[in-house]
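A quick write-up on the structure given underneath.
Bear in mind that the values in this text are calculations on the coordinates, not laboratory data. What you are looking at is a predicted structure, and each value in this text was computed from that prediction instead of being measured. Heads up, the Cβs are rebuilt from the backbone with ideal geometry, glycines too, and the neighbour counts pull from every protein chain shown.
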Amino acid sequence: MKRLKVILAATIVAAATSSALAIPTLIISDGVTSTSLTSASGIVNYSNPSFDSAWGLVITTGETKPAPGFGNALFPKFDLNVQAQSLTLAPVRNLTITFSENFFGPAINGMFQADLTGHVVSGTGQNVLYNTYYDAGNVTAATTTLLTTTGALPPPNYNPPTQFGGPVTQASYSLTQVITIGGAGNGPGGNYTLDATLSLVPEPSSFCLLLSSAAIVGIWRRRK
């Protein structure tokens, strides 16, 4: 047990170091117009009152490490908030919002939990899909391995049951959230508000060991 705590303490130090190398990335695209933003703070904001001819107002915020309260390399936590307005334009151009970060790990025993809440504020609206992914190659925005999926959700309310995925066993990996909102085409559009979360829920035994290891790291730092 003592040896395991020392190993976990070293893991926490390594994870804290690797977190400094990662930069959260937000990508918004409808297949014609695309934009990509990054922020080392862990909070990435995008706001455009007129995205293009298929989408009007688009406001989205992604939050993850190292933003306060949004986890760390060992305990990933994501939140992606979207407000979007679809316009009538043929052919259909779906809006895809991708939020990603890398240098998570080493993996902790546990499952990933994904939740989506939202609704059509006005109009009729189209289907919404929320998927999450991880990539063992640690590549930002890579959708290599599916973690969770809601499947296509019909309007006007998007409140599926909590989705669980994993476990992930990689030493270093990236995580990606993807929300896809159906374009109006010649059909009815809508104004959407959506909030998607993703987090790791560790097994109790792993969590207790990590708390003990964190205490060891704290003592070591004070002595230094």
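In a fully extended conformation the segment linking Asn48 and Thr33 would gain 4.2 nm over its present Cα-Cα distance, using 0.36 nm per residue. Counting charges near Phe99 (Lys, Arg +1; Asp, Glu -1) among other residues having Cβ under 15 Å from its Cβ returns a value of -4. In this simple spin-label model, placing a label point 7 Å from the Cα along the Cα-to-Cβ direction at both Ala171 and Met111 gives a separation of 2.9 nm. Would any residue of the range 136-168 have its amide N under 11 Å from a label point 7 Å out along Cα→Cβ of Glu203? List them or say none. Of the residues in the range 136-168, 167 have backbone N under 11 Å from the label point off Glu203.
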